[in-house]
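Reading through the structure tokens given below for one structure.
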Amino acid sequence: MKTMRYTKRHILAVLGLVLGAVFALSASAQEVLPRPEAPFKGKIGRTTKEATPDFPKEVQAPKGAPNILLVLTDDVGFGATSPFGGPIPTPTFERLAKEGLRYTQFHTTALCSPTRAALLSGRNHHSAATGVIMELGTGFPGYNSLMPKSAGTFAEILKQNGYSTSWYGKNHNVPDWQTSQAGPFDLWPTGLGFEYFYGFIGGDTSQWNPALFENTKPIEPPHDVKDYFFDTDMADHTIAWIRMQHAVAPGKPFLAYYAPGTAHAPHHAPKEWIAKFKGKFDQGWDKVREETFARQKRMGIIPANAKLTERSPGIPAWDSLNADQKKVYARMMEVYAAALAHCDYQMGRILDAIAEQGELDNTLVIYIQGDNGASAEGTAQGLLNEMTFFNAIPEDFKEVLRRMDELGGPKTFNHYPIGWAHAMDTPFQWAKQIASHWGGTRNGLVISWPARSKDRGGIRTQFHHVIDIMPTILEAAGVSAPSSINGVAQKSIEGVSMVYTFDDAKAPSKRTTQYFEMLGNRGIYHDGWVAATTPPIAPWVSIAKPIDINDYRWELYNVREDFSQAVNLADKEPQKLRELQELFWTEAAKYNVLPIDNSRVERFDVSLRPSLTRGREEFTYYPGLVRIPEGAAPDTKNKSYQIKAEVEIPKSGAEGMLLTHGGRFSGYGLYLLQGKPVFHYNLAGVARYTIAGKDKLTPGKHTILFDFKYDGGGLGKGGNGTLLVDGKAVATGRIERTLPFRLSLDETLDCGEDTGTPVSEDYRTPFKFTGKLEKVTIDLK
């Protein structure tokens, strides 16, 4: 059945509800944070002998309040890990499942930033202005990426109720234009209630060369440490912080939010971990899916009558592949499994550290396995470099085959094929991005709190959503939701606590309705029924012909009887479908879902959002100005530009980076190599263009200019480049194709050196310029 068109009538019908609810106070809200200053209770006299001192009483957490360890992995499907019947052994996750509870009907939003905003705030992702990832934000209330102060975080509440708070790993919740050293920093972790942050800002980063921040300061990983790996480093920092809290303030509970970038692309893992999985996936994704499905039934994870859904359209059968494809794709899955298993091991180290301090019994561990379903953004053949997907640049399979042994290492930004994503989402249809189906939103959840929950190893089937985690944490901590935080009246918390499920496996679910929407894909759950749009655009398609939102078809499922959304009842139950469609539009108006936008990579365009660079055509940088993110850097894409460096060469000669943006996986650089000027353009590793002078620069002052004249005629076109020294052309060349949408996901603009990875393999980072660099200017044409 086709979609029902929404009209002004639908929106006006709920307008009163919207206006009344937006800033309504939750029923439990009784406090204002920070609390008013207490009056002085001592005595003031002329002298101290005549006076009685009295210190203000510091805030203390409620008696017996638990420590809280909140874990959120990345891009892991429901059927990936061993506690939920999957093929990847995750002993830490299993350990917690045996000590606690597994939730088999827990949901996320289908995409990264939205899930994380909902988790932090306890409000739906559109209510938290995060209807999509930060890099795609648009100027509408549900999508502007500016999480409102009226949606305060659980960390801010706990901090003002006597907790120590920290965040490790991924933070994909800073607006794209606010990620630079210029701030503002109120939407960084330290502005959201976390007293300490150690991690990265953005969607993903390399495990070998991460773009790290400590609080708001960019820092570089120790490049000289052999076998450095971020997941290990992140766990080390978490353990050190927890030990410090216990040593200094043993009576003060802590909140540690642990959010590894694993298993989002790039799928990185140490070689010895990859070797553990050799041959484990040679049977292919279809067989692995069947094996997982059988285990899930044996373990009671899914009902006995559950059906295994068919492959989503566009996913090839394993048996249709040739021998080379099977070899490469099996290897890609081995790497993914190694990455996730290695990550799980690090979390085990953290649990051991808490146990060593005697604190594990009263530590509430909430372990969410994935912020959405498994990712199908790796295309049908997988990827050496994820940047090709985000710029719609195809990779040559022969090159992928040739470099197969590099997968998981520092020279790849790899991603597995769509068939493995489907297998990791067993038994459901679809994958990440597809909010209409459980393959995009159903994630494994384990909650362990030995001091409180006595049903060890239990399974819970109540329907819940990521917005329910915040009220669960607050109830467990004995803290009420405040009516005001830092002077801002708070929106109602839209989640419901899950604590009622701890002791009662059969308790009716307190969540009876939940909408879903992502990139135009829509769903609505209500009292055991789900209406869902049929995805017209697969998540592995980066650019597609526009489809009218009103032309989507709808499906209908009775999920009380049909656990996996396998039997579409739309034709048999048209009235039920219409009821749920009406309900979706009501919820959409209520929670800022409108207007619905199904565009994708087009929204990567930084000009769509507020900008520190808009209206500027000339930019000046000096040596040492590094780690400037793309959202705050000159946008050289799809236009002509000039880069001019003023240098002084010593008698001994000089080399090094003058200006670069990006790194090993895409970007450009202007530098001197063995004294000769070079401009290098890296088209996501698929093609590389080098324009270089033949002669070394003589000692003295020089002006080096790279002039690029864009062909025009659309996005990602080519152009001609000319390299000049002191006004004289020393080299010319053709750049046949350029990056249309994004230069980098995690690397930055650097002046006078190169942080992260090299844009060309001709040098090693940091490649600091050894002469004197006065300044570099960029002129956009």
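For the listed residue pairs Lys217/Lys276; Lys287/Lys545; Lys709/Lys775, the alpha carbons are over 29 angstrom apart in Lys217/Lys276; Lys287/Lys545.
Skip the ligands, DNA and RNA, and give the accessible area per residue of the chain with a 1.4 Å probe, whole Å².
37 Å²
With each label modelled as a point 7 angstrom along the Cα→C-beta vector, the Lys41-Asp779 pair spans 7.1 nm.
Listed by chain and number, the aspartates and glutamates placed with their C-alpha closer than 15 angstrom to that of Lys280 are Glu272, Glu290, Glu291, Glu334; residues fewer than eight positions away on the same chain are left out. Listed by chain and number, the lysines whose C-alpha is less than 21 Å from the C-alpha of Lys159, apart from same-chain residues fewer than 8 away, are Lys57, Lys63, Lys149, Lys170, Lys252, Lys491. Among the listed values (1) 27.0, 93; (2) 29.9, 110; (3) 31.6, 98, the one computed from these coordinates for Rg and Dmax of the Cα atoms in Å is (1). Across the cross-link table entries Lys510/Lys576; Lys676/Lys768; Lys278/Lys398; Lys432/Lys510; Lys728/Lys772; Lys398/Lys768, which are compared at the Cα atoms, the separations over 24 Å belong to Lys432/Lys510; Lys398/Lys768. With both residues required to sit in the chain, DSSP beta bridges show an antiparallel share near 75%.
How large, in percent, is the carbon and sulfur part of the accessible surface of the range 261-323 at a probe radius of 1.4 Å?
52 percent
Taking each DSSP H run with n ≥ 4 as -39500 (n - 2.57) and averaging over every residue of the chain yields -6000 deg cm²/dmol at 222 nm.
Surface calculation, 1.4 Å probe, protein heavy atoms: His526 sits at approximately 60 Å² accessible. Taking θ as phi - 60° and the Karplus parameters 6.51, -1.76 and 1.60, the scalar couplings of the range 90-100 work out to 10, x, 5, 4, 5, 4, 5, 5, 6, 8, x Hz in sequence order, x denoting glycine and proline. Loop-located trypsin sites (Lys or Arg not before Pro) in the range 158-232 (DSSP state not H, G, I, E or B) with no more than 16 neighbouring Cβ atoms inside 10 Å: Lys226. Counting Lys and Arg as +1 and Asp and Glu as -1, what is the net charge of the other residues whose Cβ lies under 12 Å from the Cβ of Tyr689? Local charge sum for Tyr689: +2. The overall shape of the range 673-781 is oblate: from the C-alpha gyration tensor, with semi-axes ordered a ≥ b ≥ c, the ratio a/c is 1.5 or greater and a/b is no larger than b/c.
In percent, how large is the relative contact order of the range 702-763, given Cα pairs closer than 8 Å and 6 or more residues apart?
Contact order relative to length: 24 percent.
With the Cα gyration tensor of the range 452-495 giving a ≥ b ≥ c as the square roots of its eigenvalues, does the rule (a/c under 1.5 for rounded; else a/b larger than b/c for prolate; else oblate) give rounded, prolate or oblate? Oblate shape, in that a/c is at least 1.5 and b/c is the bigger or equal ratio. Largest to smallest in accessible area, the residues Lys49, Lys545, Lys327, Lys644 fall in the order Lys49, Lys545, Lys327, Lys644 (1.4 Å probe, all protein chains included).
What a 1.4 Å probe finds exposed on the range 521-667 is 47% carbon and sulfur by accessible area, rounded to a whole percent. For the chain, the relative contact order is 18 percent, taking Cα pairs closer than 8 Å that sit 6 or more residues apart in sequence and dividing their mean separation by the residue count.
Taking a straight Cα-Cα cut-off under 12 Å and skipping sequence neighbours fewer than 8 places away in the same chain, the aspartates and glutamates within cross-link reach of Lys572 are Glu555. A probe of 1.4 angstrom, applied to the heavy atoms of all protein chains, finds Glu399 with accessible area near 70 square angstrom. Charge dipole (Cα centre; +1 on Lys/Arg Cβ, -1 on Asp/Glu Cβ; no other charges) of the chain amounts to roughly 600 debye. Each residue of the range 675-685 was assigned a 3J(HN,Hα) from its phi angle through the Karplus expression (A = 6.51, B = -1.76, C = 1.60, θ = phi - 60°), giving x, 9, x, 9, 10, 10, 10, 10, 8, 6, x Hz with x at Gly and Pro.
Contact order for the range 420-500, expressed relative to its length and based on alpha carbon pairs under 8 Å spaced 6+ residues apart, stands at 20 percent.
Split the accessible area of the range 67-165 by element, probe 1.4 Å, and carbon with sulfur accounts for 61%. Remark: spin-label model distance Ala451-Lys701 equals 6.9 nm, labels positioned 7 Å along the Cα→Cβ axis. Rolling a 1.4 Å probe over the protein heavy atoms leaves Met147 with an accessible area of roughly 20 Å².
The values are calculated or read from the model by the stated rules, or taken from the named source; none is laboratory data. This one's a predicted model, so the numbers in the text were calculated from it and none came from an experiment. No Cβ is skipped: glycine too gets one built from the backbone with ideal geometry, and neighbour counts run over all protein chains shown. Surface areas here come from the heavy atoms of the whole protein model, side chains and all, with no ligands, DNA or RNA. Shrake-Rupley method; radii C 1.70, N 1.55, O 1.52, S 1.80 Å.
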